[in-house]
Structure formats: C-alpha cells, structure tokens
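A quick write-up on the structure given underneath.
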Amino acid sequence: MLLKGVIDCPDLPLNVSRSFLQNDGYVKKINAHITKKIADKLSSLFKNERDNYNRYWDDINIFIKYGCMRDEKFYDRVKDIIVYKTTDGEYLTLNDYTDGKEDRTVYYTDDEKQQSQYINMFREQDIKVVLLPSMMDTHFISFVEMKEAGVKFKRIDSNLSDLSDSPEAKENSALADLFKDVVPEGTKTEVHSLKDEDIPAVMILSEESRRMKEMYKAYGQSMGSMADMFKEEYTFVINDKNPLINKLSSMEPETASLAEAQIYDLAEMANRPLSPERMTEFMARSRKLLDMLK
C-alpha cells in the first residue's frame, strides 16, 4: 500500500486480466521478493536508525500490522521489530515489555483521555501501558495472542491483579450493601484493597465479552438473541482502603445516599461517558452536595 514502482519482468504477458495475475506463479514470486525486501529494510531501520524508525512508526504501523495478518511469513520476519508506543512516549517491542516476567500480560488503552484515571493507577505502580487506539489494533492483538505463546493483551479497565493488595474479591457484604440501591441490575459488586487509597471505587469490564461485542459491531452484525451471551460484564469495585468509603456507614442517611450515588457515577465516568439523563442527575446531585457544605 505504501509502495509505488515499476518491476521489469519479461516473463509476464502484458495483455492479461487481474485475476490471471493474482494467480500467476511469477507474480507470487515477485510478491514474496517485495515482502522480503520490505521486511529487510524495516529491520535495517530498526537496528541502525532506531529514532527514525520510532518516528515513522506512528504513520506506518497500521500497514505493517495489516501485512502481518495477511502474510504470516511477513510477520515471522518482522515480529521482533514491531513496537508498541506507551502512554509515556516510549517505543517498546513485545520482548522489551515482557522481559523477565513470568506473566506475559500487556496492558493497553484504546482511549488515553477517557481512561486517564486507570493510566495513572498503573503509572503509580510502575506498570507501562501501551496505546492501541485503532480498529486494526483490536484484530491485531488477537492475532498476536494466537501466534505468541503466553501473551495476553488486557485493556487497563479489565483487570485489577497488579493494582490491588487483594487480587481476589473480599467477602464484605456490609460495604457492598451500602451501594445496593445505586448499582444497577446486571452489574456485579466486589470489594478489594486497591494500592491507591485515594480512589474510592473503579469500574472494570470483562475483556472477553467486550472484544466479542466489538467484533460483532465491527462486522455490522446484529447481536439479536446473542446479546445476553456477549453483553458487557461490568463490575463495580469498592476500595476498602479509601477513607471516604469507611466513613459512609457513620454518615447521616441522606448524606450517605448522595455520596454513594456520586461515588458510583464517578467510577462509571472514568470508564465511559454517562448518558444525558444520568449526567443531569449527576450535576443536580453535585450541586446538592455543595449546598450541604455551606
């Protein structure tokens, strides 16, 4: 897609159809040769002009990823020079990111602004987050997971294992019960001890169900009767190390009710935009809470 040129090949007839050329043995050999030359050139840039290669990457990565998925031989040639840009502006290969780790999980974001709270949580734990914002990336990471043993990509709002002192949910029904009137049906509630005490609650979303739903949307297919099977599985996670969470039970009932609804909406806003109706309720509740401080 990026290359234009002329190849002098006396073995190809001039007056032929496109379908003939696509199935001609000489054309396949030419294609394989060009693919090899491109891979060699990219490898040379990576080894000898890494800064330039990184600058080019933002413009050419979508074509390289497409080429990898279309031609696995091309992927085998360039897999060690595919780089992932982090939220801190670094360009890391898969080996750079997972070097020395038993767990070959790569954390990523597809919306740097919307998911900024999650990015900050990972940054405070010195965990790098890579940027994968395009629809091509959605397909590419599934392809890499299939090709590379043990590698798993997880969006930063789908996992708390590295952000919590308690990877497994705690049995704390008292805290969960405080939010039973604000958490909608279909959303699970869990209690964890997040390493960041300043965050009262976060929302996490199942990676698998989200990917499946995005795949159906990408192909323009109606979910129909499969909607329940591939629905987005949200979990509202309460941080029992947060001071505000621990004060809720001692507040006046009206104040506690307002605070609980506010905490839930803030957690959801960090994950996805509120609907217009929910935003109106949020703004009215915010004004009411401010009036209580007068």
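Here, each number is a calculation from the coordinates, and none is a lab measurement. What you see is a predicted model, and the numbers here were worked out from it, not measured in a lab. Cβ atoms come from the backbone with ideal geometry, glycine included; neighbour counts cover every protein chain shown.
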Just to be sure I understand: if I project the alpha-carbon convex hull of segment 1-65 onto a plane and average over all orientations, what area do I get in nm²?
5.5
Have a look at THR93, THR235, THR280 and tell me which one the Gaussian network model of the chain (Cα, springs below 10 Å) gives the largest fluctuation.
THR280
Here are some pairs, LYS41/LYS213; LYS113/LYS213; LYS154/LYS247; LYS128/LYS170; which of them have Cα atoms lying more than 29 Å apart in this structure?
LYS41/LYS213; LYS154/LYS247
Count the DSSP beta bridges whose two residues both fall in the chain, then state the antiparallel fraction as a percent rounded to the nearest 5.
50
For segment 1-147, take N as its residue count and report Rg(C-alpha) divided by 2.2 N^0.38 Å.
1.28
Just name one of ALA174, ASN239, TYR75: the one whose Cα is farthest towards the positive end of the charge dipole of the chain (beta-carbon charges, Lys/Arg +1, Asp/Glu -1).
TYR75
Would you calculate the separation in nanometres between label points at GLU254 and ASN52, each defined as 7 Å from the Cα along the Cα-to-beta-carbon direction?
7.0
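So what's the net charge close to ALA284: Lys and Arg +1, Asp and Glu -1, counting the other residues with Cβ under 12 Å from its Cβ?
My count for the surroundings of ALA284 gives 0.
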Most fluctuating residue of ARG278, ARG50, ARG18 in a GNM of the chain with Cα springs under 10 Å: which is it?
ARG18
Equivalent ellipsoid semi-axes, the chain, via Cα gyration tensor eigenvalues times 5, rooted, Å:
49, 21, 17
Could you give each residue of segment 279-292 its phi-based ³J(HN,Hα) in whole Hz, using Karplus coefficients 6.51, -1.76, 1.60 with θ = phi - 60°, and x for Gly or Pro?
5, 4, 5, 4, 5, 5, 5, 4, 5, 5, 5, 5, 5, 6
